[in-house]
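Step one of this worksheet: look at the structure below.
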Amino acid sequence: MRIVLLGAPGSGKGTQSQRLVKAYGIPQISTGDLLREARAKGTELGLRAKAAMDAGKLVDDATVLGMIRERLSLPDAVNGFILDGFPRNIPQAQALEAMLADLREPLDAVVLLNLDLKVLFKRLTGRRICENCNRVFNIYTSLPGTLPHCDQCAGARLIQRDDDKEEVIGKRLDVYEAQTKPLISHYTAAGLLRTVDADADVETVFANIQRAIAK
Ligand code: AMP
């Protein structure tokens, strides 16, 4: 199965991708995670991406497309994948279509996680990730009086991404509105879009996604 998870930053793409990985046995391909990994390793690509990421802007298409092409050619992507955070604009969507047409492996569905802007803002400011495995937590939805921790990575800290700081979030949401939202009409016209209400608990949203994919 080849799926794109579409949605604004904070709509739950990362959390839901991790569930889809377990349910369908296909990898999550997150361009945000790949870029953060490249930065942590200090590669040339990572250094190139840094300025755009810190400013909440999109990294240039050539860099992101090169990274995606390489990742899709790895053996674990042969039976399908979940694209999380890619494509982010129309040129990326067109490049993806061309890549998949070459492989004769078109997308099966594009799932839009739909959420109100106010809710997105709160989710993003409360988001923390495990420094080791990237699992996503939220200080507003963890049990009262407890700080969330990653039970899979003993001793690992939960950290706030630099671009989840309040001053960058507004910029990222603007970029979504201007550059990523046009993908909704693009994939509606292609007959691939399935819209899911993402303002519910993780399990309910996951069940809605599974229903949407099965359609
Ligand atoms: P994310 O974790 O998906 O929110 O991505 C974090 C940041 O990485 C974004 O704000 C962009 O700077 C960059 N990024 C991630 N995916 C893409 C993409 N498909 N195209 C361009 N930039 C991206």
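Things to note:
- The stretch between residue 21 and residue 61, if pulled fully straight at 0.36 nm per residue, gains 11.8 nm over its current Cα-Cα span.
- Checked against a 24 Å cut-off, the cross-linked pairs 57/215; 13/122; 41/165; 50/171 give Cα-Cα distances beyond that limit for 57/215.
- Highest-fluctuation residue, 179, 160, 152 considered, GNM on the chain with Cα pairs under 10 Å: 152
- Our summary gives the chain a relative contact order of 29 percent, counting only alpha carbon pairs under 8 angstrom and 6 or more residues apart.
- The range 56-151 - percent relative contact order, Cα under 8 Å, separation 6 or more: 13 percent
- Shape category assigned to the range 36-124 from the gyration tensor of Cα positions, a/c cut at 1.5: oblate
- One decimal place: the segment residue 108-residue 152 gains 12.7 nm when fully extended, by the rule 0.36 nm per residue minus the C-alpha distance.
- Amide H partners (placed H, <5 Å) of residue 112, local residues excluded: 6, 194, 195, 196
- Hz values of 3J(HN,Hα) by residue in the range 64-75 - Karplus curve (6.51, -1.76, 1.60), Gly and Pro given as x: 5, 5, x, 5, 5, 4, 5, 5, 5, 8, 6, x
- Rounded Å value of the spacing that divides the Cα centres of the range 150-206 and the range 24-47: 16 Å
- For the chain, built as a Gaussian network whose Cα springs stay under 10 Å, the top-fluctuating residue of 36, 157, 19: 157
- Multiplying the residue separation of residue 69 and residue 162 by 0.36 nm and removing their Cα-Cα distance gives an extension gain of 30.8 nm.
- Here the Gaussian network model covers the chain, with springs between Cα atoms less than 10 Å apart; of 175, 119, 59, 119 fluctuates the most.
- Pairwise FRET efficiency - residue 48 versus residue 199, Cβ, R0 = 30 Å, nearest 0.05: 0.25
- Dipole of the chain computed with +1 at Lys/Arg Cβ and -1 at Asp/Glu Cβ about the Cα centre; of 120, 156, 209, farthest Cα towards the positive end is 156.
- Reciprocal of mean inverse Cα separation for the chain (Kirkwood radius, Å): 17.8 Å
- With θ taken as phi - 60° and the Karplus curve 6.51 cos²θ - 1.76 cosθ + 1.60 applied, the whole-hertz 3J(HN,Hα) list for the range 126-138 is x, 6, 10, 10, 5, 5, 9, 10, 6, 4, 9, 10, 9 Hz, x standing for glycine and proline.
- Total charge dipole magnitude, the range 142-215, about the Cα centre, Cβ charges on Lys, Arg, Asp, Glu only, Debye to nearest 20: 340 debye
- Where labels lie 7 Å past Cα in the beta-carbon direction, separation of residue 188 and residue 138 in nm: 2.5 nm
- Within the range 172-211: backbone nitrogen closer than 17 Å to the residue 94 label point (7 Å, Cα to C-beta): 179-190
Coordinate-derived values only; no laboratory data. Values in this document were obtained by computation on a predicted structure and should not be read as measured data. Glycine also receives a Cβ, built like all others from the backbone with ideal geometry; neighbour counts cover every protein chain displayed.
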